[in-house]
Amino acid sequence: MSYRDTYAAWAEDPTGFWEAHATGLVDWITPPATTFNPEAGVYGRWFEGGTCNTCWNAVDRHVEAGHGDRAAIIYDSPVTDTKRTITYAELLDEVATLGAVLQDRGVGQGDRVIIYMPMVAEAVIAMLACARIGAVHSVVFGGFAAPELATRIDDAGAKAVITASCGIEPGRVIDYMSLLSEAIDIASVKPDTCIVLQRDVQPCSLTDGRDVNWADAMADARANGRRADCVEVAATDPAYILYTSGTTGQPKGVVRDTGGHMVALAWTMENLYGVKPGEVFWAASDVGWVVGHSYICYAPLLHGCTTVVYEGKPIGTPDAGAFWRVISEHDVSVLFTAPTAFRAIRGQDPEGALLANYNLSSLRTLFLAGERSDPATLAWAEAQLGVPVIDHWWQTETGWAISGIPMGIEKLPVKHGSPGVPMPGYDVQVLDDGGHPVPNGTLGNIVVKLPLPPSCLPTLWNAEDRFRASYLDEFPGFYATSDAGILDDDGYLHIMARTDDIINVAGHRLSTGAMEEVLAHHAAVAECAVIGKADELKGQLPLGFFVLKSGVTQDEDAIAAELVKLVRHDIGAVAAFKTAVAVKRLPKTRSGKVLRGTMQKIADAQAYKMPAAIDDPAILDEITEALGAKGLIG
């Protein structure tokens, strides 16, 4: 069946479409009484009356089916020079044992557990152990500042924390236990217990009565024959809470339903990513982000694949060939990562020389998401790898792709600059600020007609009013994505910017993403960003930042002048693009998103709060210095 036929089948009978897949993809303890109840929740609930267990579907059933010897997790850590393969049978033992450890410390069904871990296999084991006993996990990126961690402990009402003594990054060790202890001191909610994975690089002291050594607790449970069984939970019970990155003040906790989560993710593995059970799927992300939840932990294991847990970087561990080594050594079939990773690789190795050192014959497809994939980076990846490079678009709130190229259904043509076509389940439309549809090719607000498909958030944790205000009130009957873009005549989406990145220049609404696309085509530019800087005359003026590729010797001012000419030529004088500034690095979150809002505040001389998820705070000083040197602050 073609993509058009598949999408039409969903559109004609959305309930029947998901009912058929729910029956075939998930083992239910009690089948759902109804596939979709439009009267439940804000816009309906999926699979009411059904009961299930995510851990059973991700682990136990594969062992029961005779696949216990299949690799479930490959842990690859260049920062510790460690590699480890865990089979499905071994994973079952680890998860059942940790589940018992949690139960023995009073954690039960519905209790919330904070997971504050580095990129180690134990992070995935912790997530699955929570799912096994019906606890609701909330993974917080390891290394988050203590105040941010404290707000999440409080908001979730965490009964327990699972953590590690430290995180390890190139050139530095992050003391997790000091951050956690400070967070617990700050928090109003005091977790009863902390299970601590001691790492050889930097073990930590434990607090009597609260902290438990992971290894000792697991050994004791095994010695006493303690193993947790899978707990029956409702399909509409929360599987996890995930706090959106970059929040300030009260965090925004996205809730994920258990049943719908499994159905949607299991569907995507074959239909969107084109992956078969037993193949190696690598999402080069972090478990602290939604990509890590969906495509490091849950989806690959639900589908019976092997997932890669990588504790390293795209460059610097040890070089820009790091990804190629992992693909080659572990026979990765499909790679999913952020465009910023490939921009970094391209910046360090623009000719792709390091590729010659590795055999990448196993790689079939590269998927990009997390930030807009500029055509220049996408084209470079295609040329270097010789495989389809698919940009796709989704959000923490949805848990899986809103649009993409469904490689398991039909290999549609790739359009550079577009994250593909809407996936079944999503009725995507583009509206003006008044809520009226705009013609194809016209920039507007991207929305999704309600109801949302399975796995999308039914609410925010303990914040129903905020949920409505954030996503539903602006365009009644629609979910507001807060992204701006266009739909073209072929039905392809083009995401141009977040709606707050659409700048108003003398009354003209302009996309910073379109300008970044032009800058990225310059042969000397590795990475770039465009923001809107306040201007008394025109309201805002675009201000560009660019990072040069390794080895470029051309004068920075000369390149800046060329970039201005490029934008004027490709977009026109209406863009009023007159300034581009060379910087050493762009400030990003740990997941690779460029912190444009913070850069804009620096340029406008406004006060800003240090972003909780920033990769390296020193970069903001570099941005301030570069703007100051050009007289561009304020």
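The values are calculated or read from the model by the stated rules, or taken from the named source; none is laboratory data. Given the structure is predicted, the values throughout are model-derived calculations rather than measurements. With ideal geometry, Cβ positions are generated from the backbone for all residues, glycine too; neighbour counts draw on all protein chains shown. Accessible surface areas use protein heavy atoms only, side chains included; no ligands, DNA or RNA. Shrake-Rupley method; radii C 1.70, N 1.55, O 1.52, S 1.80 Å.
For the subset of region 467-478 comprising residues that are in contact with a strand residue (DSSP E or B) (Cβ under 8 Å, 6 or more places away or on another chain) and free of Cβ contacts under 8 Å to residues at least 40 places away in the same chain, which member is least open to solvent (accessible area, probe 1.4 Å)?
Top of the filtered list is G477.
Just to verify a result, which residue in region 3-62, among those that are touching a Leu at 6+ places or on another chain (Cβ under 7 Å) and part of a helix (DSSP H, G or I), is farthest from T87 (Cα to Cα)?
Y3
When F144 is evaluated against the numbered criteria (1) modelled with pLDDT of 95 or more; (2) within 24 Å of the chain's Cα centre (by Cα); (3) over 29 Å from G304 (Cβ atoms), which criterion, by number, is the only one it fails?
Tallying (1) modelled with pLDDT of 95 or more; (2) within 24 Å of the chain's Cα centre (by Cα); (3) over 29 Å from G304 (Cβ atoms), F144 fails exactly one: (1).
For region 26-84, how many residues meet the condition of being within 26 Å of the chain's Cα centre (by Cα) and of a type in the set (V, I, T)?
The qualifying residues number 9.
Quick grid of which residues meet (1) within 20 Å of the chain's Cα centre (by Cα); (2) open to solvent by less than 20 Å² (accessible area, probe 1.4 Å):
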residue: T377; (1), (2): yes, yes
residue: H392; (1), (2): yes, yes
residue: T396; (1), (2): yes, no
residue: V414; (1), (2): no, no
residue: V428; (1), (2): no, yes
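I'm trying to understand the selection: among the residues of region 66-83, which are part of a strand (DSSP E or B) and among the charged types (D, E, K, R)?
Answer for region 66-83, where residues must be part of a strand (DSSP E or B) and among the charged types (D, E, K, R): D76, K83.
Does at least one position in region 433-447 carry a residue that is in contact with a Ser or Thr (Cβ under 8 Å, 6 or more places away or on another chain), crowded, with 22+ Cβ neighbours inside 10 Å and among the hydrophobic types (A, V, I, L, M, F, W, C)? Please lay out each step first, then the result.
As a first pass, look at region 433-447 and keep what is in contact with a Ser or Thr (Cβ under 8 Å, 6 or more places away or on another chain): 443, 445-447.
Checking which are crowded, with 22+ Cβ neighbours inside 10 Å leaves us with 445-447.
Applying the additional criterion that residues be among the hydrophobic types (A, V, I, L, M, F, W, C) yields 446-447.
Yes; the residues of region 433-447 include at least one that is in contact with a Ser or Thr (Cβ under 8 Å, 6 or more places away or on another chain), crowded, with 22+ Cβ neighbours inside 10 Å and among the hydrophobic types (A, V, I, L, M, F, W, C).
Taking interchain pairs and intrachain pairs at least six residues apart, which have beta carbon atoms under 6 angstrom, with the first residue in region 596-609 and without any contact (Cβ under 8 Å) to a residue 60 or more places away in the chain and among the hydrophobic types (A, V, I, L, M, F, W, C) and the second open to solvent by 40 Å² or more (accessible area, probe 1.4 Å) and not in a helix (DSSP H, G or I)?
A605/I633; A605/G634
Just the residues that are open to solvent by less than 10 Å² (accessible area, probe 1.4 Å) and among the β-branched types (V, I, T), please, taken from region 157-183.
V161, I162, T163
Quickly run through region 468-489 and pick out the residues that are farther than 13 Å from D433 by Cα, part of a strand (DSSP E or B) and touching a Phe, Trp or Tyr at 6+ places or on another chain (Cβ under 6 Å).
Y479
Do you know which of the residues in region 1-25 that are polar (S, T, N, Q) and closer than 28 Å to G49 by Cβ is surrounded by the fewest Cβ atoms within 10 Å (Cβ to Cβ)?
In this case the residue turns out to be T23.
Does T579 qualify as being open to solvent by 40 Å² or more (accessible area, probe 1.4 Å) and either touching a residue at least 24 places away in the same chain (Cβ under 8 Å) or out of contact with any strand residue (DSSP E or B) (no Cβ under 8 Å at 6 or more places or on another chain) (or both)?
Yes.
Inspect region 526-537 for any residue being at pLDDT below 90 and in contact with a Pro (Cβ under 9 Å, 6 or more places away or on another chain) and give the result as yes or no.
The answer is no, given that none of the residues of region 526-537 is at pLDDT below 90 and in contact with a Pro (Cβ under 9 Å, 6 or more places away or on another chain).
Looking at V101, V124, V107, which one is part of a helix (DSSP H, G or I), touching an Asp or Glu at 6+ places or on another chain (Cβ under 9 Å), closer than 24 Å to L242 by Cα and open to solvent by less than 20 Å² (accessible area, probe 1.4 Å)?
Testing whether each residue is part of a helix (DSSP H, G or I), touching an Asp or Glu at 6+ places or on another chain (Cβ under 9 Å), closer than 24 Å to L242 by Cα and open to solvent by less than 20 Å² (accessible area, probe 1.4 Å) leaves just V101.
With the structure loaded, tell me whether L548 is touching a helix residue (DSSP H, G or I) at 6+ places or on another chain (Cβ under 9 Å) and surrounded by fewer than 23 Cβ atoms within 10 Å (Cβ to Cβ) or whether it fails that test. Walk me through how you get there before you give the answer.
Details: touching a helix residue (DSSP H, G or I) at 6+ places or on another chain (Cβ under 9 Å): yes; surrounded by fewer than 23 Cβ atoms within 10 Å (Cβ to Cβ): yes.
Here the answer is yes, as L548 does meet what is asked.
Mind listing whichever residues of region 270-305 are in a helix (DSSP H, G or I) and of a type in the set (F, W, Y)?
Correct list: Y295, Y298.
Are there any pairs with C-beta distances below 7 angstrom linking a residue in region 500-514 that is closer than 20 Å to K601 by Cβ and surrounded by fewer than 18 Cβ atoms within 10 Å (Cβ to Cβ) to a residue that is of a type outside the set (G, A, S) and at pLDDT 70 or above, with the two at least 6 apart or on different chains, and if so which?
Close Cβ pairs (under 7 Å, with a partner that is of a type outside the set (G, A, S) and at pLDDT 70 or above) amount to N504/Q540.
Is there a residue being touching a helix residue (DSSP H, G or I) at 6+ places or on another chain (Cβ under 6 Å), over 28 Å from W18 (Cα atoms) and of a type in the set (G, A, S) anywhere in region 416-438? Talk me through it step by step, then tell me what you get.
Start the filter on region 416-438 by keeping residues that are touching a helix residue (DSSP H, G or I) at 6+ places or on another chain (Cβ under 6 Å), which leaves 416-417, 424.
Subset that is over 28 Å from W18 (Cα atoms): 416-417.
Then drop every residue that is not of a type in the set (G, A, S), which leaves 417.
Scanning region 416-438 turns up at least one residue that is touching a helix residue (DSSP H, G or I) at 6+ places or on another chain (Cβ under 6 Å), over 28 Å from W18 (Cα atoms) and of a type in the set (G, A, S).
Each row is one residue, and each column tells you yes or no for (1) more than 15 Å from the chain's Cα centre (by Cα); (2) farther than 20 Å from P424 by Cβ; (3) open to solvent by less than 20 Å² (accessible area, probe 1.4 Å).
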site	(1), (2), (3)
V275	yes, no, yes
V291	no, yes, no
C297	no, yes, yes
C305	yes, yes, yes
